[in-house]
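K.L.:
One structure, as structure tokens, below. Some questions next.
The values are calculated or read from the model by the stated rules, or taken from the named source; none is laboratory data. This is a predicted model, so every value here is computed, not measured. As a convention, Cβ positions derive from the backbone with ideal geometry for all residues, glycine included, and neighbour counts pool all protein chains shown. Surface accessibility is based on the protein's heavy atoms, side chains included, excluding ligands, DNA and RNA. Shrake-Rupley method; radii C 1.70, N 1.55, O 1.52, S 1.80 Å.
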Amino acid sequence: MGEHSAKRTAGEAAARLVEGGQYLGLGTGSTTAFTICAIGHRIRQEGLHVSGVPTSAAAARLARECGVPLVTLDEVETLDIAFDGADEVSPTLDLIKGRGAAHTREKIVASLARRFVVLVDESKMVQVLGTRSPVPVEVLPMATAPVMRALETLGANPELRMGVHKDGPVVSDQGFWIVDAYFDGIRDPAAMDRQLQQIPGVLDHGLFVGLTTSVLIGLPSGKVRRLTAT
């Protein structure tokens, strides 16, 4: 069983947590895509009545394709469950997110959810955040150079994320650029969270500290291991 199947296992397990009448946060990425499609299947097969708040244009498009009704944060104050993937998960269930450049909206949605369920395969589990993945920092374009200098003072090696199939930088749904901050491990994610937020020109970043309620890990065996925040 490969990584793709492990992601499907975690994503489909998450969809089974959904109950009728709930408002859902719909994350962005390959693992959460399985959840969105599985929720759409339950809507068609069971008549499940739910509504979702997407965290990106891509998540919104997929939800429409899968038949999941959408609402906005103008219409709902809190969400029952938010589902999302992660690039790294620490033993205390703190995260690095943002490979898809949707972390700002994802963090807003996660913060409004009573339960924030993270869906990953085993490769995303780390002992220390920042050892495999950079921390994406969403930056006002005019402030890119000073933000990168500030990141260097925090011990990061910052790189402006460039488009793969387009010329120029990656542009977020907010029209901001993404700077990937490479650290040699982040020993105090809460302190780094505060320091990054204080840099002028930063909209938000991909450290998710103290938001996760549980993690579903898709295993090669086809089973799911669950971790719960203490």
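K.L.:
Which residue is surrounded by the most Cβ atoms within 10 Å (Cβ to Cβ), if the candidates are limited to segment 17-33 and must be closer than 19 Å to residue 80 by Cα and out of contact with any strand residue (DSSP E or B) (no Cβ under 6 Å at 6 or more places or on another chain)? Outline the logic, then answer.
P.N.:
Going residue by residue through segment 17-33, those that are closer than 19 Å to residue 80 by Cα are 17-28, 32-33.
Filter once more, keeping what is out of contact with any strand residue (DSSP E or B) (no Cβ under 6 Å at 6 or more places or on another chain): 17-21, 28, 33.
Numbers: 17: 17, 18: 20, 19: 11, 20: 10, 21: 10, 28: 29, 33: 21.
Ranking the candidates gives 28 first.
K.L.:
Is it the case, given these coordinates, that residue 145 is over 30 Å from residue 11 (Cα atoms) and at pLDDT 95 or above? First the steps, then the outcome.
P.N.:
Details: over 30 Å from residue 11 (Cα atoms): yes; at pLDDT 95 or above: yes.
Spelling it out, residue 145 is indeed over 30 Å from residue 11 (Cα atoms) and at pLDDT 95 or above.
K.L.:
Is it the case that residue 19 is over 17 Å from residue 107 (Cβ atoms), at pLDDT 95 or above and part of a loop (DSSP other than H, G, I, E, B)? Steps first, answer last, please.
P.N.:
On the way: over 17 Å from residue 107 (Cβ atoms): yes; at pLDDT 95 or above: yes; part of a loop (DSSP other than H, G, I, E, B): yes.
When the stated conditions are applied, residue 19 passes them.
K.L.:
Identify all residues within segment 160-182 that are open to solvent by less than 50 Å² (accessible area, probe 1.4 Å), touching a Lys or Arg at 6+ places or on another chain (Cβ under 9 Å) and outside any loop (DSSP other than H, G, I, E, B); write none if there are none.
P.N.:
169, 178, 179, 180
K.L.:
Right, next: Can you pull out the residues in segment 72-91 that are farther than 22 Å from residue 13 by Cβ, touching a residue at least 40 places away in the same chain (Cβ under 8 Å) and open to solvent by 20 Å² or more (accessible area, probe 1.4 Å)? If you could, list the steps in order and put the result at the bottom.
P.N.:
Filtering segment 72-91 down to residues farther than 22 Å from residue 13 by Cβ leaves 72-78.
This time we only want the ones that are touching a residue at least 40 places away in the same chain (Cβ under 8 Å), so: 76, 78.
If the condition is that a residue be farther than 22 Å from residue 13 by Cβ, touching a residue at least 40 places away in the same chain (Cβ under 8 Å) and open to solvent by 20 Å² or more (accessible area, probe 1.4 Å), then 78 is the only one that fits.
K.L.:
Right, another one. From (1) in contact with a strand residue (DSSP E or B) (Cβ under 9 Å, 6 or more places away or on another chain); (2) open to solvent by less than 50 Å² (accessible area, probe 1.4 Å), pick out the condition that doesn't hold for residue 157.
P.N.:
For residue 157, the exception is condition (2).
K.L.:
Can I ask one more? Quick check: is even one residue across segment 149-164 farther than 25 Å from residue 92 by Cβ and within 19 Å of the chain's Cα centre (by Cα)?
P.N.:
Within segment 149-164 (the criterion being farther than 25 Å from residue 92 by Cβ and within 19 Å of the chain's Cα centre (by Cα)), the answer is yes, since at least one residue qualifies.
K.L.:
Out of (1) farther than 18 Å from residue 215 by Cβ; (2) more than 15 Å from the chain's Cα centre (by Cα), the odd one out for residue 173 is which?
P.N.:
Every listed condition holds for residue 173 apart from (2).
K.L.:
Residue 57 fails exactly one of the following numbered conditions: (1) within 24 Å of residue 215 (Cα to Cα); (2) open to solvent by 20 Å² or more (accessible area, probe 1.4 Å); (3) not β-branched (Val, Ile, Thr). What is the number of that condition?
P.N.:
Here residue 57 clears every test but (1).
K.L.:
If you don't mind, another one. Which of the residues belonging to segment 183-195 are in a loop (DSSP other than H, G, I, E, B) and touching a residue at least 12 places away in the same chain (Cβ under 8 Å)? Before you say what the answer is, go through the steps one by one.
P.N.:
Step one: filter segment 183-195 for residues in a loop (DSSP other than H, G, I, E, B), giving 183-188.
Answer for segment 183-195, where residues must be in a loop (DSSP other than H, G, I, E, B) and touching a residue at least 12 places away in the same chain (Cβ under 8 Å): 183, 184, 185, 186, 187.
K.L.:
I would also like to ask the following. Just give me the residues in segment 196-218 being crowded, with 16+ Cβ neighbours inside 10 Å and not in a strand (DSSP E or B), in sequence order.
P.N.:
Once the filter is applied, which keeps residues that are crowded, with 16+ Cβ neighbours inside 10 Å and not in a strand (DSSP E or B), segment 196-218 yields 196, 199, 201, 206, 209, 211, 212, 213.
K.L.:
Do you know which of the residues in segment 103-119 that are open to solvent by 10 Å² or more (accessible area, probe 1.4 Å) and among the hydrophobic types (A, V, I, L, M, F, W, C) is nearest to residue 15 (Cα to Cα)?
P.N.:
113
K.L.:
Starting from residues that are of a type in the set (D, E, K, R) and in a helix (DSSP H, G or I), keep the ones in segment 1-16 and report whichever is least open to solvent (accessible area, probe 1.4 Å).
P.N.:
Looking only at segment 1-16, we keep the residues that are of a type in the set (D, E, K, R), and these are 3, 7-8, 12, 16.
When the remaining residues are screened for being in a helix (DSSP H, G or I), the result is 3, 7-8, 12.
On the way: 3: 98, 7: 23, 8: 100, 12: 67 Å².
Within segment 1-16, the match that is least open to solvent (accessible area, probe 1.4 Å) is 7.
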